[in-house]
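Presented below is the structure to which this report refers.
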Amino acid sequence: MSVSQENITVAPLVLLSVLDHYKRTNTPEGKRVVGVILGSTSKSTIHVTNSFALPFEEDEKNSDVWFLDHNYIENMNDMCKKINAKEKIVGWYHSGPKLKASDLKINEIFKKYTSYNIFNSNTGSYSTTSNPLLLIVDVKQEGVGLATNAYISVEQVKDDGSSTERTFIHLPCSIEAEEAEEIGVEHLLKDVRDQAAGGLSIRLTAQLRSLKGLQQKLQHITNYLTKVSNNELPINHTILGKLQDVFNLLPNLGSPDDDELSATSANKAEVIRSSNSLQKALTVKTNDELMIIYISNLVRSIIAFDNLIENKIQNQKMHEKLSSTEKKTGDEEEHKEGDENSEENNRKETENSKPTSDK
C-alpha cells in the first residue's frame, strides 16, 4: 500500500463521540479510552465517519497487561452493518494523548476485524488491506492545532541491515464535515464563540493561534535535531531531507555569511548587493502594504464622519420643517376660530337690528 499518499478525514461526529465516551466513563487521570472507528475509502483518502466505544482495561504499572472484549466488537460490528452497510471498520482510536508501548500489540488484534479497499497509485487499481488505522484524539487539548493524529503501522527497514520491526508512521489528518453536519457544528460554535467580538478581533485571534502553532512546530523540530545531534535518536534521512526542503524555500533575509562570501570571492559585491536588494524589496513591500492599510482606515473614518455630519444636517432640516408645519397649522386654526367668531357676531347684530312689531 502506498502510505505516502494516504489522507485521513475525520467527521465532527467522531470527535464528539470520543469526548462523550471519555466524559461518560469518568476516566481517571493517566488512563485512556479505546474504541472502534468506521468509515469508507475513496482513492487514497480514508473517511472516518462513525465510531463506537469498547470495554477496555489497562494495567497502570505494566502496559503489556490489558483487556479487550472481542465479542463486543463482533456484535457491535454486526449491528452497525444493519444500519449502514457502507461503513466498515477501518481502525481504532484511543484518547492518548501520545502513543504507548502496547499500541502495536493492540493494533495487531484489530487486523482481523479491519478490511477496506485502498487505491494503489502504482497499479491504478484498488486493493484490499487489513492494516488498521490508529486515530489518537486528545480530549484535553491545551495547545493549538488539531486534536487528532492518525497513524498506520508499517515494516521499517533499518539502515544497519538488521531485522525489520513494526512501527507507526504519521499520516496527514483533517476535520471535514458533510453538509448535514455543518448545521449542528455551526450551532455548537455559537455557544463557543464570543458574540460580542468583532470581525477584526476574530481574525487577530486566529492569526495569534496560527503563530503559536508555528512556534510549537518549530520547537518540536529544534528538540528533534538536538536529540539527533546528541545521539539520543537515530538519524532519519527522510525527515532531514524534508527539513532541508523547508529551509531551501525560506528567503535569505540576512546578510551573507563568511562561507558564502568566501565561496564567491570574485562576485562578493554582487552577493552583497543581491542580499541587500532582497531585504530592501521586502521592506518596501511591507511599507506599501502598511501605507495602504493606513490610507484605507483614514478614508473609512472620513466617510463615517461625513455620514455623521450629513445625518445631523438632515435631522435638523426635518426638525425645522416639522416646527414650521406645526406653526402653520396653529395659525390656520386661530384664523378659522376668528372667522367663526366674526360670523357669530354678525348674526347677533342682524337679529338685534330687526324692528319689533306693535301689538
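The values are calculated or read from the model by the stated rules, or taken from the named source; none is laboratory data. Everything quoted here is computed from the prediction, not taken from an experiment. We place every Cβ from the backbone using ideal geometry, glycine too, and count neighbours over all the protein chains shown. Only protein heavy atoms, including side chains, enter the accessible area calculation; ligands, DNA and RNA are left aside. Shrake-Rupley method; radii C 1.70, N 1.55, O 1.52, S 1.80 Å.
Entry remark, the stretch 76-95: residues being under 20 Å from Ser130 (Cβ atoms) and open to solvent by 90 Å² or more (accessible area, probe 1.4 Å) number 3 in total.
Being open to solvent by less than 50 Å² (accessible area, probe 1.4 Å), touching a Cys at 6+ places or on another chain (Cβ under 6 Å), touching a residue at least 24 places away in the same chain (Cβ under 8 Å) and not small (Gly, Ala, Ser) is the requirement here; does Ile73 meet it? Break it down stepwise before answering.
Working: open to solvent by less than 50 Å² (accessible area, probe 1.4 Å): yes; touching a Cys at 6+ places or on another chain (Cβ under 6 Å): no; touching a residue at least 24 places away in the same chain (Cβ under 8 Å): yes; not small (Gly, Ala, Ser): yes.
Against the criterion (open to solvent by less than 50 Å² (accessible area, probe 1.4 Å), touching a Cys at 6+ places or on another chain (Cβ under 6 Å), touching a residue at least 24 places away in the same chain (Cβ under 8 Å) and not small (Gly, Ala, Ser)), Ile73 does not qualify.
The set of residues in the stretch 109-133 being under 23 Å from Ala53 (Cα atoms), touching a residue at least 24 places away in the same chain (Cβ under 8 Å) and touching a Lys or Arg at 6+ places or on another chain (Cβ under 9 Å) consists of Thr114, Ser115, Tyr116, Asn131, Pro132.
When you look at Ile136, is it in contact (Cβ under 8 Å) with a residue 40 or more places away in the chain, out of contact with any Phe, Trp or Tyr (no Cβ under 6 Å at 6 or more places or on another chain) and not in a loop (DSSP other than H, G, I, E, B), yes or no? Before you say what the answer is, go through the steps one by one.
On the way: in contact (Cβ under 8 Å) with a residue 40 or more places away in the chain: yes; out of contact with any Phe, Trp or Tyr (no Cβ under 6 Å at 6 or more places or on another chain): yes; not in a loop (DSSP other than H, G, I, E, B): yes.
Criteria met by Ile136.
The residues of the stretch 42-62 that are open to solvent by less than 40 Å² (accessible area, probe 1.4 Å) and either polar (S, T, N, Q) or more than 28 Å from Ala177 (Cα to Cα) (or both), listed by number, are Ser44, Thr45, Thr49, Ser51, Phe56, Glu58.
Examine the stretch 264-276 for a residue that is surrounded by 10 or more Cβ atoms within 10 Å (Cβ to Cβ), modelled with pLDDT of 70 or more and among the hydroxyl-bearing types (Ser, Thr, Tyr), and state whether such a residue exists. For the stretch 264-276, residues surrounded by 10 or more Cβ atoms within 10 Å (Cβ to Cβ), modelled with pLDDT of 70 or more and among the hydroxyl-bearing types (Ser, Thr, Tyr): absent. Annotation note: of Val65, Val18, Val36, the sole residue that is assigned by the TED database to the domain that holds Thr167 and under 23 Å from Gly145 (Cβ atoms) is Val18. Is it the case that the stretch 105-117 has a residue that's at pLDDT 80 or above, surrounded by 13 or more Cβ atoms within 10 Å (Cβ to Cβ) and polar (S, T, N, Q)? Yes: the stretch 105-117 contains one or more residues that are at pLDDT 80 or above, surrounded by 13 or more Cβ atoms within 10 Å (Cβ to Cβ) and polar (S, T, N, Q). When Gly35 is tested against (1) of a type in the set (Gly, Ala, Ser); (2) within 15 Å of Leu68 (Cβ to Cβ); (3) assigned to a helix (DSSP H, G or I), just one condition goes unmet, and that condition is (3).
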